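S.K.: Structure in structure tokens, see below.
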Amino acid sequence: MTDFDVRTDARGIGIVTPKGRLNMVSAKQLRTAVAELVDAGTTKVVVDLAETTFLDSSGLGALVAGLKSARQAGGDLRIARPTQQVVTVLGLTNMDKVLRPRESVDGAFDG
Amino acid sequence: MAEPVRLTLATGVEETAVDQTHDLLQELWEQVPDVGDLDRIRVETAVAEIIGNIVRHTRRLDAPGSDSRRVQVSVWCSPDEVGAEFVDNGLPAAIDLSDVTMPDLDAESGRGLALALAAVDQLDYERSSGRNLWRLSCRRGGA
């Protein structure tokens with residue numbers, strides 16, 4: 001079971017927080033959440049992974065889809081506060097090159 | 001731990017099998033609490049990809065609502081290794097693991113088996129007597 005918090009902060013940055021496993025069951029929800037933000041003009045998106053207990057290749061694919069749509073709209077998607085399992089998956093797939101983990105949600109778009 | 005611990009579930013090939021498999025592993029970790037975090041992560045990452053692959057592909061030509069596909073998942077732990085086995089009566093997987101490579105960085109799919117192969121020490125697939133058999137294992141010793 002995965003819940004998603006979606007909000008936009010005072011700077012207009014969208015913050016999506018998946019809670020639970022981000023896998024083949026819940027990846028579609030992440031794709032939808034990011035697509036709705038980008039379509040509404042919120043092209044800078046942070047996915048806060050602090051409460052994502054598990055990431056599989058479907059969840060990773062949803063992050064890539066979100067990254068591409070945000071960049072195509074002139075923005076970006078960044079990930080923050082990943083758990084050890086997520087960091088391991090990013091490393092094993094070499095995806096940490098394009099989805100570099102950030103230490104905080106608030107600072108994800110700094111630098 | 002003197003004897004290997006082995007837990008098994010049998011269920012329909014449905015999306016719910018993914019969470020059931022995670023829960024089975026959780027039960028294993030509770031019974032064998034000295035398995036290191038990295039070993040748990042490696043095995044669970046690969047296990048999730050294999051059960052996901054089975055759910056996605058083994059019933060791909062079935063009529064909607066068909067529930068004839070079944071999968072048996074076993075997870076086990078010995079003093080030296082952690083592993084899992086999957087047996088299902090679905091369609092053949094039609095893959096050659098020696099050909100599996102990690103796709104480009106901008107690919108939105110196709111990483112599952114490459115990730116599973118990268119995560120554990122051993123991953124094998126065979127088709128035998130109308131069943132798919134997947135076996136994976138990981139030598140213990142991670143942090």
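S.K.: Regarding the range B:82-91, can at least one residue be identified that is away from chain A (no Cβ under 13 Å), surrounded by 18 or more Cβ atoms within 10 Å (Cβ to Cβ), of a type in the set (Asp, Glu) and out of contact with any helix residue (DSSP H, G or I) (no Cβ under 7 Å at 6 or more places or on another chain)?
M.R.: Scanning the range B:82-91, I find at least one residue that is away from chain A (no Cβ under 13 Å), surrounded by 18 or more Cβ atoms within 10 Å (Cβ to Cβ), of a type in the set (Asp, Glu) and out of contact with any helix residue (DSSP H, G or I) (no Cβ under 7 Å at 6 or more places or on another chain), so the answer is yes.
S.K.: Right, here's the next one. If I ask for residues that are farther than 19 Å from A:THR83 by Cβ, in a helix (DSSP H, G or I) and either more than 16 Å from the chain's Cα centre (by Cα) or in contact (Cβ under 8 Å) with a residue 60 or more places away in the chain (or both), which ones from the range B:31-51 would you list?
M.R.: B:GLN31, B:ILE50 - these are the residues of the range B:31-51 that are farther than 19 Å from A:THR83 by Cβ, in a helix (DSSP H, G or I) and either more than 16 Å from the chain's Cα centre (by Cα) or in contact (Cβ under 8 Å) with a residue 60 or more places away in the chain (or both).
S.K.: Filter the range B:62-86 for residues that are at positive phi and of a type in the set (D, E, K, R) and give the result.
M.R.: Hits for the range B:62-86: nothing passes.
S.K.: Of the conditions (1) at pLDDT below 95; (2) in contact with an Asp or Glu (Cβ under 6 Å, 6 or more places away or on another chain), A:THR17 clears all except one; give me its number.
M.R.: Condition not satisfied by A:THR17: (1).
S.K.: So which helices (runs of 4 or more DSSP H) stay within the range A:21-111 end to end and still have 1 or more residues that are more than 12 Å from every other protein chain (Cβ to nearest Cβ) and in contact (Cβ under 8 Å) with a residue 24 or more places away in the chain? Spell out how you get there, then give the answer.
M.R.: Details: elements: A:27-39, A:57-72, A:84-92.
Passing ranges, in order: A:27-39, A:57-72.
S.K.: Could you count how many residues in the range B:24-55 are surrounded by fewer than 15 Cβ atoms within 10 Å (Cβ to Cβ), within 11 Å of another protein chain (Cβ to nearest Cβ) and either acidic (Asp, Glu) or closer than 20 Å to B:TYR125 by Cβ (or both)?
M.R.: 1
S.K.: If you scan the range B:92-113, which residues turn out to be more than 14 Å from chain A (Cβ to nearest Cβ) and either modelled with pLDDT of 95 or more or surrounded by 17 or more Cβ atoms within 10 Å (Cβ to Cβ) (or both)?
M.R.: Correct list: B:ALA93 only.
S.K.: Being outside any strand (DSSP E or B), over 19 Å from B:LEU115 (Cβ atoms) and hydroxyl-bearing (Ser, Thr, Tyr) narrows it down to one residue among B:SER68, B:SER74; which is it? I'd like the intermediate steps shown before the answer.
M.R.: Details: B:SER74 fails: outside any strand (DSSP E or B).
Result of the check over B:SER68, B:SER74: B:SER68.
S.K.: Do we have any residue at all in the range A:65-81 that's over 11 Å from the mean Cα position of the chain (by Cα), at pLDDT below 95 and of a type outside the set (S, T, N, Q)?
M.R.: No, every residue in the range A:65-81 fails to be over 11 Å from the mean Cα position of the chain (by Cα), at pLDDT below 95 and of a type outside the set (S, T, N, Q).
The values are calculated or read from the model by the stated rules, or taken from the named source; none is laboratory data. None of the values given here were measured: they were computed from a predicted structure. We place every Cβ from the backbone using ideal geometry, glycine too, and count neighbours over all the protein chains shown.
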